[in-house]
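The values are calculated or read from the model by the stated rules, or taken from the named source; none is laboratory data. Because the structure is a prediction, the values reported are computed rather than measured. A quick note on method: Cβ atoms are made from the backbone with ideal geometry, for glycine too, and the neighbour counts reach across all protein chains shown.
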Amino acid sequence: MDLPFVTAEMASHACGDGTLDRGEECDDGNTASGDGCSSRCKFEGWGPCPSSECVNMPVCGNSKRTSDETCDDGNTVSGDGCSSDCRTIEAGWHCRMIGTRCSPICGDSILRGSETCDDGNTMDGDGCSIYCLTEPGWDCASGTCVQVSSVDGGIDSGGQQPRCGDGIMSGAEECDWGAMNADAEYGGCTTQCFAGPFCGDGIVNGPEECDLGDQNGTIDGPGGCSSGCTKPHYCGDGVPDPDRGEECDFGALNGLVLDSNLNPTDDPAGILYCTTDCRIPMCCVY
C-alpha cells in the first residue's frame, strides 16, 4: 500500500488548534466533546462556534431534535405537547414523530388539543372513536356520549365529522395523509393514521442501518447511530473521513508501529503511520 502524499502544512492543521480548517465545522481550541464543538470539530447541536468558545444558541422550533431537546414540533409554543423550550413533553401528550405536532393521549378522560371527546377508552362504536373524535350520530358535548335522534326518529348522522383519511390531523391522530395513507410505506402514515415505520422508532427497518430511537445522534463511536439511522464514521473504523478531521484511519492498526508495507513490526525504526486519534505524525509526512 502506497503512503499518500501529505504536506507538512496539511498535517499541521489539526482539530483543537483554534483555527477553522477545511473539513471542520468548528474549532474551539480543544478536543473535548460536550462543549458545543466535538472532539472531531463538529457541531453538537449548538452554534455558531467557528472558533474560540461555543455558545449554546436556542434551536428549539426548527423541527430537528438536538441532544439537549426532548422534543421539537416545529414551534416554540407551549400547550401543544412540546414545551416552548423543547425540553419537556407535556403531560397527556406523546411526540413520536420529530418535526410534526404532538398528539394528545386518547383515553385519559381529558380533552386536549383537537380532541372533540375523550370517554376514557380507545374503542370505536361508543360515540368517541379511537382518535377521541366524536363519531357520526353521537353528541359528546356533555362529557358523556349519547346517540342523537333526527326529526323522523332515526339516528342523526350530523354534518361532516373529522375522520382518519380526510388529510387533516385531528384528535389523537399521529398523522393523516389522506389518500396517501399506506400501511407498508416506510416513513409514511398508516391507514389507521398512526406513524408507520420511521427513523427514530427504535426498530431497524426499511433502509436503516441502525436505530437507537431517542439516542440516535447522541452516541459517538461504534455503538452509535446517526440521526439519519446510518452507522456513523468514527476514528478506528478503517475508513478515513476528512469531514470528521481524520487524516488517516487503518482501523485496528491505528497506533501500531508499521513497516513500509504497513505490517506491524517490533523495529523501533518502523513507521508509526496513523495515530490512535487518526492523525499522521510528523515522522511520516512527505
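Quick rundown of the values:
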{"item": "Count - residues of the range 220-257 that are part of a loop (DSSP other than H, G, I, E, B), at pLDDT below 80 and closer than 25 Å to Ser63 by Cα", "result": "3"}
{"item": "Hey, Thr88 surrounded by fewer than 17 Cβ atoms within 10 Å (Cβ to Cβ) and either over 23 Å from Ala141 (Cβ atoms) or touching a residue at least 40 places away in the same chain (Cβ under 8 Å) (or both) or not", "result": "yes"}
{"item": "The range 198-216, subset of a type in the set (D, E, K, R) and under 12 Å from the mean Cα position of the chain (by Cα), residue surrounded by the most Cβ atoms within 10 Å (Cβ to Cβ)", "result": "Asp211"}
{"item": "When residues of the range 151-169 are limited to those that are of a type in the set (A, V, I, L, M, F, W, C) and assigned to a loop (DSSP other than H, G, I, E, B), the one modelled with the lowest pLDDT", "result": "Val151"}
